[in-house]
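The values are calculated or read from the model by the stated rules, or taken from the named source; none is laboratory data. This one's a predicted model, so the numbers in the text were calculated from it and none came from an experiment. For neighbour counting, all protein chains shown are included, and Cβ atoms are generated from backbone atoms with ideal geometry for every residue, glycine included.
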Amino acid sequence: MDEDIARLVAELTAVYEGRRAYLAGAARFKAAGYRGTIGYFCTYAPEELILAAGFHPVRIVAEPGMVGPVDGHLQSFACSFARGCLDQALRRVYEGFDGVVFPATCDSLRTAAEVWRRHVPQRFFHFMNFPARLDAPGAEAFAAREMADLAEALGVASGMDAAGVLARLPGTAALTAEIRGLLARLWELRLTRARPPLTGAEALSVFLAGVVMERREYRDQLARLVAKVEALGMDGTGTAPTRLVVTGGVIEDPATIRLIEDAGAVVVGDDLCTGTRAFLTAGPGAGGGPSAGPGGVPADLGGLARLYLTKVPCPTKHPIDRRVETLLDTAKRGRAAGVVFLLQKFCETHAFDQPYLASRLTAAGLPSLVLEVEQGRLTEGQASTRLGAFLEMIAGRREVASGNGGEQR
Amino acid sequence: MTADRTAAAAVKPAGRLKVDADLKRLMGKYYSGVFWAHRLRRPIAWITSGAPVEPLYAMGITPVYPENYGAILGARKVSAEFCEIAEGAGYSRDLCSYARGSIGSMMADRGPLNGHGLPAPDLLICAKNICNVVVKWWEVMARHYHKPLFVLDVPYVPEEPAKPHQLDFVRGQLDEMIAFLEKHTRRRLSHPRLVRVLENSTATVALWEEVQGYRRASPSPASALDMFTNMAPIVTLRGTDEAVGYYRKLAAELKGRAERHEGPVPDERYRLVWDNIAIWHNLRLMKYFHERGAVFVGESYTNAWGEYTFSPDELKDPIGAMARQYSGVLLNVGPEVRLARLLKMGRDYRADGVVFHSNRSCKTYSLSQYFLARGVQDRLGLPTLFIEADMADPRAYADAVAKTRIDAFLEILEGRRGAGGATVDSTRTGGGGPAC
């Protein structure tokens, strides 16, 4: 890898891996003019509004490992991601935060929000309803109104009124749009180049740094990285490993992707909550796929609502066609040889979609493998064995295809 | 416990309710009607239990409830067989067992009612006011049959009442749902007919409330065993004349039992409240309680069906009334609201303890239970028991473990009787325990 790229990736990775220390540096945020830090869940929380209210937004992700205090609040069959995040909060990992924003997503996170509301001592808590049905009549008005309520609550917390928050929205929306555009470009380069400039694990680290870092600092670092990658021109030399796409929910540990890549693959694209679903938008009726892009710059709450309603949807939303089409398109354009499902244990919505997605992938000639992530981790030995067999199967298919006188795709 | 109970001590346990025979006929007729509708090519809609069914009945569309079917698979002890078919098709064993059972039956086109699965739908209606899962489950079924699906998105209501803009959102979709029904069935909704059906729902609910009210007596004239089976018509036939007629009979029978101090546990030592869906594959567990002097006098699950009521004033705007009622259902409200309803039951029914079925299949119902248990203990001073099970999948339930914990719980209750109700404890199947 190019030295400059390696250094930039390493710096971003260090921010994510050292996020507790990074976020503890309150002076950094005060110097940048922030009033405090607010955590948020999920890709449906409008971080533009948190920024507009003068808070530094930090995405809440679970840290891999065993959990403790959450056992007193949520049964073991609750989604392992919800349990992991709540456990951290109960252990006061977010003590320095001013509050949290939960958008409506799934049943487990809704309950986690209620536990958080009662048991995590922070001065700000907001649950934001958001349409589950993206094409409902009135969905945009409803989402905009819920966002207005959030803006008002954030305004109170920050000492400015809602009008003050909304006045700053175009500026913060322009900043997040820039970040989305840079991420979309970087992901496109990974997807389409014969030799991806970043591994999947590196790309995930780059993404995750962006939900922790001061956003202007992140934008600048990301812009430097994208410029270096653009200039690199890494097409077409050496033996490329098997190209895979991963799909699932929140993957908070780059080691999960590294495990896949260590088995002899490179992850060229994704359909993850900590990946494309956070920055790709497909216009209504566009059918996802090639039209999926970073979206525009919303000027007001209606525009912000439209932006989030037209994001590539997660499985808690209905209908899911745009997600399916985008995944198929990603795999096709990335010349992927297979798809790996990374399913959080007890995540019902993803588990329900998996057989259908697998059938659509099979119809498109793409084999898939399901791996289960529990408390942020794959079961290493078992996952490696299954990945090894999966990659062997893909290699076998290629041999058969080449024996028949042609490439599989 | 009370003088009433002492008077009834020598009385034999009341057997099955006489209306059970009517119930069997009624539900047989309902399912027979479903299969006939299919043969006669009358429109059939597969619908969630929390969805507004009244427009369907008003339009002559036959509603079919896969959730009720999931319970039937559980009660007839064939659920595991159908769950395994779904699991074989890739559906995780961690998913709702109603969903897995009904999907398995759908895929195999087999089932316990007439040898086949449920008759295929012409359209599907799903309301997201009971969980996210139903949306995913209904998507699977709609894809299987290539039939149109309508999803009614009902926003979460953390605190009652729902905000006006949330109700506006639901209302707009209800208008759209009616247009969807009209388009796909080529039938028109008559608003006077809709009001008539909503009046029937209200009458049904009033009778259901009357039935539940008789359970305040000691001994309770009915137990959870009776109510779990007798809730079938209020789920499937709410809004019909048949449901009103049936619950009139049930109310009369329970009134008579209460007056005569009859009940399934005449020597009633412990009055309990049940939280969550029944363990359909092991309803006999209720008898285990009965044999030890314990009877369930209330259930949050059966109680939840007393919510669909529409006043004459509200019926001037039936769509708005439905938007409001279907937003405030038990599983769409915040835990404080759920707790308030549970505490009211505990007080109204003079409960001695609350049993929480920690139901692996139903996350929405189960995941607030530790909070509810703490509330019950702190605010009513009542002990609580957790039974870890699954509503329809017997593979996720250990009978011996549950019974050991039940015995320990009843010993606690007995100790409190001697100590004048001073001790609060919580008992839970399996290791660990909630922070209660």
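For segment A:322-333, the set of residues classified as over 24 Å from A:ARG133 (Cβ atoms) and surrounded by fewer than 24 Cβ atoms within 10 Å (Cβ to Cβ) consists of A:LYS332, A:ARG333, listed by residue number.
For B:LEU113, which of the numbered conditions (1) assigned to a loop (DSSP other than H, G, I, E, B); (2) modelled with pLDDT of 95 or more; (3) closer than 27 Å to B:MET59 by Cα fails to hold? Unmet condition: (2).
For segment B:81-119, the set of residues classified as within 12 Å of chain A (Cβ to nearest Cβ), aliphatic (A, V, I, L, M) and surrounded by fewer than 18 Cβ atoms within 10 Å (Cβ to Cβ) consists of B:ALA89, B:MET107, listed by residue number.
Scanning segment B:208-255 for residues that are closer than 20 Å to B:ALA71 by Cβ, assigned to a helix (DSSP H, G or I) and small (Gly, Ala, Ser) yields a count of 3. Scanning segment B:153-207 for residues that are within 8 Å of another protein chain (Cβ to nearest Cβ) and either outside any helix (DSSP H, G or I) or of a type in the set (Phe, Trp, Tyr) (or both) gives B:ASP153, B:PRO155, B:TYR156, B:PRO158, B:PHE169. For segment B:212-253, the set of residues classified as hydrophobic (A, V, I, L, M, F, W, C) and without any contact (Cβ under 8 Å) to a residue 24 or more places away in the chain consists of B:ALA252 only.
Residues that are within 13 Å of another protein chain (Cβ to nearest Cβ) and surrounded by 24 or more Cβ atoms within 10 Å (Cβ to Cβ) occur in segment A:135-142; there is at least one. When the helices (runs of 4 or more DSSP H) confined to segment B:46-94 are screened for residues that are at pLDDT 95 or above and over 15 Å from the mean Cα position of the chain (by Cα), those reaching at least 2 such residues are found at B:54-58, B:79-88.
With respect to the stated conditions, B:GLY328 fails to be at pLDDT below 95 and out of contact with any His (no Cβ under 6 Å at 6 or more places or on another chain).
When each of A:LEU387, A:LEU371, A:LEU391, A:LEU366 is tested for being in a loop (DSSP other than H, G, I, E, B), modelled with pLDDT of 95 or more and of a type outside the set (Asp, Glu), the lone residue that passes is A:LEU366. Would you mind finding the one in B:MET106, B:MET27 that is outside any loop (DSSP other than H, G, I, E, B) and in contact (Cβ under 8 Å) with a residue 40 or more places away in the chain? Of B:MET106, B:MET27, the one residue that is outside any loop (DSSP other than H, G, I, E, B) and in contact (Cβ under 8 Å) with a residue 40 or more places away in the chain is B:MET27. Number of residues in segment B:296-333 that are under 18 Å from the mean Cα position of the chain (by Cα), of a type outside the set (Phe, Trp, Tyr) and assigned to a loop (DSSP other than H, G, I, E, B) equals 4. Number of residues in segment A:123-144 that are of a type outside the set (A, V, I, L, M, F, W, C) and under 25 Å from the mean Cα position of the chain (by Cα): the value is 6. Within segment A:355-365, restricting attention to residues that are surrounded by fewer than 21 Cβ atoms within 10 Å (Cβ to Cβ) and either of a type outside the set (Ser, Thr, Tyr) or touching a residue at least 24 places away in the same chain (Cβ under 8 Å) (or both), the residue that is farthest from the other protein chains (Cβ to nearest Cβ) is A:GLY365. Residues of segment A:7-40 that are modelled with pLDDT of 95 or more and among the hydrophobic types (A, V, I, L, M, F, W, C): A:LEU8, A:VAL9, A:ALA10, A:LEU12, A:ALA14, A:VAL15, A:ILE38. For segment B:1-24, the set of residues classified as at pLDDT 95 or above, in a helix (DSSP H, G or I) and under 22 Å from B:TYR288 (Cα atoms) consists of B:ASP20 only.
In the set (1) hydrophobic (A, V, I, L, M, F, W, C); (2) over 26 Å from A:THR105 (Cβ atoms); (3) surrounded by fewer than 23 Cβ atoms within 10 Å (Cβ to Cβ), the condition left unmet by A:LEU244 is number (3). When we screen B:GLU291, B:GLU307 for residues that are touching a residue at least 12 places away in the same chain (Cβ under 8 Å) and among the acidic types (Asp, Glu), the only hit is B:GLU307. Here is the figure for segment B:381-402: residues that are surrounded by fewer than 22 Cβ atoms within 10 Å (Cβ to Cβ) and either of a type in the set (Asp, Glu) or under 18 Å from B:ARG269 (Cα atoms) (or both) total 2.
Summed over segment A:320-346, residues that are in contact with a strand residue (DSSP E or B) (Cβ under 8 Å, 6 or more places away or on another chain) and in a loop (DSSP other than H, G, I, E, B) total 5.
Condition check for A:VAL156 on (1) touching a residue at least 24 places away in the same chain (Cβ under 8 Å); (2) more than 14 Å from chain B (Cβ to nearest Cβ); (3) surrounded by fewer than 21 Cβ atoms within 10 Å (Cβ to Cβ); (4) over 16 Å from A:LEU304 (Cα atoms): one failure, at (1). Considering only residues in segment A:291-321 that are closer than 14 Å to A:ASP271 by Cα and more than 14 Å from chain B (Cβ to nearest Cβ), the one that is modelled with the lowest pLDDT turns out to be A:ALA292. From the list B:ARG260, B:ARG341, B:ARG350, the one residue that fits, being closer than 19 Å to B:ILE412 by Cα, among the charged types (D, E, K, R) and surrounded by fewer than 21 Cβ atoms within 10 Å (Cβ to Cβ), is B:ARG350.
Kindly establish whether B:THR364 is β-branched (Val, Ile, Thr) and modelled with pLDDT under 95. No.
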